[in-house]
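Student: I have a structure I would like to understand better, so I am pasting it below and will then ask my questions one at a time.
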Amino acid sequence: MDATRDRPTPANPLPGITTDVRVREHEDAPLPSGLPNAIGVFDGRAFMYSDGAGDVPPAGMGGLIANDTRLLNRWELLVDGRLSRALRAQATDYYSATFFLTNQGRRGLPSSTLDLRRIRLVGRDGLRERISLRSYAADPVRVELRLRTGVDFADLLEIRANRIRDRSGMVRRDHAADGSRLSFEYRNGGFETRTQVLVDPPADRIDGDDLVWELMLRREERHWFDLQVPLELGPMDLPSVRVRPGTPLNVQDPAQQWDADRAHIRCGSPLLERVLNQSAEDLLALRVRTRIGGQEVILPAAGAPWFLTLFGRDTLITAYQTMGGNPNLARGALTSLARLQGRRCNDFTDEQPGRIPHESREGELTRLGELPYSPYYGTADATQLWLILLSEYWRWTGDDDLVRRLWDEARAALDWIDRYGDRDGDGYVEYATASPHGLGNQCWRDSWDGVQFADGRIPVLPIATCELQGYVFDAKTRLAELAAGPMADPALAARLRDQAERLFERFNRDFWIEERGGYYAIGLDGDKNRIDSLTSNIGHLLWSGIVPPERAPLLGRQLMSSAMFSGWGIRTLSTDDAGYNPIGYHTGTVWPHDTSLIVQGLTQYGLRDEANRLALALLAAADHFDQRLPEVFAGFSRDDGPFPVPYPTPCSPQAWASGAPLQLIGSILGLDARDGQLTVLPQVPAELGTIRIDRLQAFGRRWFIEATGADSRVTPLPE
């Protein structure tokens, strides 16, 4: 084996781009937050990032991006040829922001004489912005208001790689002579897109790509200008923020029905209530809609700004976390991903029959076949997670019909596990990419160094990580239940139970390491060596149920040790390992979704004190991030300072981080749905007081739950 060739190194460079563009390895991806005092607004799969004055300079990371294409890379407002001075700016909702500005001085017009405001929305019908201008000068003044615009039609993945092709020679302009519209069009082979800027009232003139108004301002006379950049919707519809031309921009969120469907949680902790409310709002913001078989489904995108699209692993785990709150997310995830399930072998996209995809994109590089995201299938866990979610959805809803409709896809997923996932017939799912642009690591730790030995060496491919085997065990155990139940196939049920039992025995022999107090290797490398780093993945094994009961307390002690527990959450890698880095993407940081899965795993094995301690720690961390848990934060110890340290470039909001607080509540309550019974076995920490859940969904009806300490009350609500 050529160890150099087979290590999970970054993907190869793209033609025309001098750095690699990777499917998911984004730990070093620059963020639009590099803009001064950056303000971002988004809805569905469109977002707009600007600086604190609302401006987008032409050479930055900001702009308006939708369907993986940047539609505006310049958007600058000038008064008399000078940029405005920002007074205060703030995102007022996930899809809206307000900017208070004033002028810089010039002869005849002192600084801070003009009241200049921008109100911005991003919604289904595109970007809308209202600019208003008022003078407080004693006498009338003449000013020039100029909006500089520009387009580069860059692919989102080029922006992330900071290597953008020059398309200027292929952009066609068709601006309206009356100043009412700017129009830019770009076409390259089978890919075409356009940007229109609609103006009301029209500009007095168009200067190149600039809109220019010549104004005579009388004292306290207000002028306003409405701008719209419509969006052309892709296959996955955007949420709708309805704003009619000429109406005030203080619109209400249109997804009231979606919000009304979710369960509502109240408790004795104001912090927890704020965190849960923020999570609900973020999940609402991240949802996307699509139609499958004539039926609309809703599912969560992975995260803003770079991952406002369908991701297999992220979407499935988020749907699992939020099952009791709203099972419609799970239904949407299951049906959407089933539609995209692999049908053939394709090395370029890592597609294989039965495999659930990793990521779907719509940008130019994907549409023209330069990148493999149409969709890309290089994930070794999404297929198992899809099966786990199908089971969990059925347990909570009793929806036999959906199980029957998706049973062919479920059988194909099982076949992928045994035929393609197990590459060498040793009984374990391994991964290695065949694509020149594929991921080296195809587990959730998908950065190039996310899996390593305790001494820091990078293992050779293919790699079988431990949690993949736990997911297989859980998936087959659950599918045996479905086979015996709604599918009435006892022979298949017996075969799956037998396979799960044999995997249980084999795994606990091959992955267990006695040293360091006892723990599971993160994986086996291509030479079947145990990859001996101590990682948070051992907590996923508790979640999947593949750990013998007698070993669970050992794992609990490992996870709660000072080497793994930062005081805010569980580190991805032990501080005792050579590769530990508290700000390394998967080498010592804390991921809220990771910790939430561990909390549930500890709960399932009866380690309730440890689970509650972790849950409270993660909630305390959320308080330092304005009640919004980010995708990831640094692994520095809580003893080092009174607050958790941000990771440099996280997605925020990020779906499975937003789902984590809901999973924590489920664990604290010991909440489970099985065989038509809703079970609550609470151990509510005193810090949280009484927890009340209203309109929780299970078995096609609504429930009320109240829990204090170890006492609980479960009441079905009138239908």
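Student: So how strong a dipole does region 571-632 carry about its Cα centre when Lys and Arg Cβ are +1 and Asp and Glu Cβ are -1, to the nearest 20 debye?
Tutor: Details: 4 positive and 8 negative charges, 23 e Å.
Here the size comes out at about 120 debye.
Student: If Rh is defined by the Kirkwood formula over all Cα pairs and Rg also comes from Cα, what ratio Rg/Rh do you get for region 507-603? Don't jump to the answer; show the numbers that get you there.
Tutor: Details: Rg = 12.5 Å, Rh = 13.4 Å.
Checking Rg against Rh, the ratio lands at 0.94.
Student: Step by step: find N for region 75-186, compute 2.2 N^0.38 Å, then divide the Cα radius of gyration by it. What's the final number? Show your work: numbers first, answer last.
Tutor: Working: Rg = 17.3 Å, N = 112, 2.2 N^0.38 = 13.2 Å.
Dividing the Cα radius of gyration by 2.2 N^0.38 Å gives 1.31.
Student: Based on Cα coordinates alone, diagonalise the gyration tensor for region 420-544, multiply each eigenvalue by 5, take square roots, and list the semi-axes in whole Å, largest first.
Tutor: 28, 17, 12
Student: Taking the Cα atoms only, what angle lies between the long axis of helix 270-286 and the longest principal axis of the chain, rounded to 10 degrees?
Tutor: 70 degrees
Student: Can you tell me the alpha carbon radius of gyration of region 637-704 divided by the globular rule-of-thumb value 2.2 N^0.38 Å? Numbers along the way, then the final one.
Tutor: Details: Rg = 16.5 Å, N = 68, 2.2 N^0.38 = 10.9 Å.
Normalised by 2.2 N^0.38 Å, the Cα Rg of region 637-704 equals 1.51.
Student: If contacts are Cα pairs under 8 angstrom and at least 6 residues apart, what is the relative contact order of region 103-170 in percent? Could you put the intermediate results ahead of the total?
Tutor: On the way: 59 pairs, mean separation 14.1, N = 68.
Here the relative contact order equals 21 percent.
Student: Which number comes out as Rg/Rh for region 379-489 once both Rg and the Kirkwood Rh are worked out on C-alpha atoms? Write down the numbers at each step before the final one.
Tutor: On the way: Rg = 15.8 Å, Rh = 15.1 Å.
Expressed as Rg/Rh, it is 1.05.
Student: Moving on. What is the local net charge at MET487, summed over the other residues whose Cβ is closer than 15 Å to its Cβ (Lys, Arg +1; Asp, Glu -1)?
Tutor: Working: positive: ARG395, ARG404, ARG405, ARG411, LYS476, ARG478, ARG495, ARG497; negative: ASP399, ASP400, ASP401, ASP408, GLU409, GLU481, ASP489.
Local net charge: +1.
Student: Please provide three numbers in whole Å: the alpha-carbon extents of region 369-427 along the principal axes, with the largest listed first.
Tutor: Sorted largest first, the three principal extents are 41, 33, 17 Å.
Student: Please work out the Kirkwood hydrodynamic radius for region 552-629, using every pair of different C-alpha atoms, and report it in angstroms with one decimal place. Provide the component values of the computation, followed by the final result.
Tutor: Details: mean 1/r = 0.0796 Å⁻¹.
For region 552-629, inverting the mean 1/r across all distinct Cα pairs yields 12.6 Å.
Student: Sticking with this one: Counting only residues 5 or more places away or on other chains, whose amide H sits under 5 Å from the amide H of ARG702 once H atoms are built in the peptide plane?
Tutor: The answer is LEU717.
Student: Can you show me the helix-derived [θ] at 222 nm for the chain, built from DSSP H runs with n ≥ 4 at -39,500 (n - 2.57) apiece and divided by the number of residues, rounded to the nearest 500. It would help to have the intermediate numbers written out before the result.
Tutor: On the way: 16 runs with 187 residues, N = 719.
About -8000 deg cm²/dmol.
Student: Which of the peptides 152-163, 309-320 is most tightly packed, and how do the rest follow, going by the mean number of other Cβ atoms within 10 Å of each residue? Present the calculation step by step, with values, prior to reporting the outcome.
Tutor: Numbers: 152-163: 23.2, 309-320: 28.1.
Output ranking for 152-163, 309-320: 309-320, 152-163.
Student: Taking H as built 1.01 Å from N, whose amide H comes closer than 5 Å to the amide H of ILE531, not counting residues under 5 places away?
Tutor: ILE522, GLY523, LEU524, ASP525
Student: Can you give the relative contact order of the chain as a percent, counting alpha carbon pairs under 8 Å and 6+ residues apart? Each step should come with its number before you reach the end.
Tutor: Numbers: 1687 pairs, mean separation 82.0, N = 719.
It comes to 11 percent, rounded to a whole number.
Student: If the viscosity is 1.567 mPa s and the temperature 4 °C, what Stokes-Einstein diffusion coefficient in µm²/s follows for the chain when Rh is the Kirkwood radius over Cα pairs?
Tutor: Working: Rh = 26.7 Å.
Estimated via Stokes-Einstein, D reaches 48 µm²/s.
Student: Another one. What value in Å³ per residue do you get for the convex hull of the alpha-carbon atoms in region 577-719? Present the calculation step by step, with values, prior to reporting the outcome.
Tutor: Details: hull volume 19.3 nm³, N = 143.
That works out to 135 Å³ per residue.
Student: Could you tell me the relative contact order of region 338-408? Use alpha-carbon pairs under 8 Å, at least six residues apart, and round to a whole percent.
Tutor: Values: 91 pairs, mean separation 17.7, N = 71.
Answer for region 338-408 is 25 percent.
Just so you know, all these numbers are worked out from the coordinates, no wet-lab data involved. The structure presented is a predicted model; accordingly, all values stated were derived computationally and were not measured. Glycine gets a Cβ as well: all are built from the backbone with ideal geometry, and neighbour counts include every protein chain shown.
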